[in-house]
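*Asks:* First the structure, which I've put down as structure tokens, then a few questions once you've had a look.
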Amino acid sequence: QVQLVESGGGLVQPGGSLRLSCAASGSIFSFYRMAWYRQAPGKQRELAAAITSGGNTNYADSVKGRFTISRDNAKNTVYLQMISLKPEDTAVYYCYAEKWDIATKLWVSSWGQGTQVTVSS
């Protein structure tokens with residue numbers, strides 16, 4: 001099972017940018033669908049962006065045009081580039097990995113520990 005470690009969170013002013021990174025280890029990274037979820041205080045965790053093993057991406061409507069998810073399979077890393085950040089983007093951002101295990105015919109998944117993003121002046 002893959003282990004995930006996020007980095008790159010922090011405090012940024014409205015309109016600013018951040019890039020989150022998620023380093024994976026322990027399994028074949030390229031097989032996994034990767035995603036970034038976020039959870040704001042008092043709210044449910046929601047999908048922000050996802051990228052398949054083949055590189056197809058999808059985004060929540062609230063982040064389209066501002067967030068870009070990408071992956072570097074050689075570095076076992078997935079990124080989330082965030083621009084034009086808004087106070088409502090404030091949340092803990094979690095990296096997520098999943099794949100279909102052919103041997104067990106089960107989905108296997110992992111979560112990172114999360115990284116805080118705070119957008120405030």
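The values are calculated or read from the model by the stated rules, or taken from the named source; none is laboratory data. None of the values given here were measured: they were computed from a predicted structure. Positions of Cβ are generated from backbone atoms using ideal geometry, with glycine treated the same way; all protein chains shown enter the neighbour counts. Areas reflect the complete protein model, heavy atoms only, side chains present, ligands, DNA and RNA absent. Shrake-Rupley method; radii C 1.70, N 1.55, O 1.52, S 1.80 Å.
*Asks:* Between exposed trypsin sites (Lys or Arg not before Pro) in the chain, where DSSP calls loop and at most 11 other Cβ atoms lie within 10 Å, what's the longest gap?
*Replies:* Maximal segment without exposed cleavage sites: 1-42.
*Asks:* Given the alpha-carbon gyration tensor of the chain, what are the semi-axes of its equivalent ellipsoid in whole angstrom, ordered largest first, with each equal to the square root of 5 times an eigenvalue?
*Replies:* With the √(5λ) rule applied to the chain, the semi-axes are 25, 14, 13 Å.
*Asks:* How big is D, in µm² s⁻¹, for the range 26-91 by Stokes-Einstein at 20 °C and 1.002 mPa s if Rh is the Kirkwood radius over C-alpha pairs?
*Replies:* Rounded, D is 169 µm²/s.
*Asks:* Tell me, in nm to one decimal, what length is gained between residue 31 and residue 66 on full extension, where the rule is 0.36 nm per residue of separation less the Cα-Cα distance?
*Replies:* Net length gain for the segment: 9.9 nm.
*Asks:* Would you mind giving the three semi-axes, in whole Å and largest first, of the ellipsoid equivalent to the range 74-121 according to its Cα gyration tensor?
*Replies:* Equivalent-ellipsoid dimensions as semi-axes: 31, 12, 9 Å.
*Asks:* Treating the beta-carbon of each Lys and Arg as +1 and of each Asp and Glu as -1, no other charges, what is the dipole magnitude of the chain about its Cα centre, to the nearest 20 debye?
*Replies:* 100
*Asks:* For the chain, which whole-number percentage of the solvent-accessible area (1.4 Å probe, protein heavy atoms only) is attributable to carbon and sulfur atoms?
*Replies:* 51
*Asks:* Hey, another quick one. Probe of 1.4 angstrom, ligands and nucleic acids ignored: what's the accessible area per residue over the chain, in square angstrom?
*Replies:* 53
*Asks:* So how many Lys-Lys pairs in the chain land under 26 Å Cα to Cα, not counting same-chain pairs under 8 apart?
*Replies:* So the count of such lysine pairs works out to 6.
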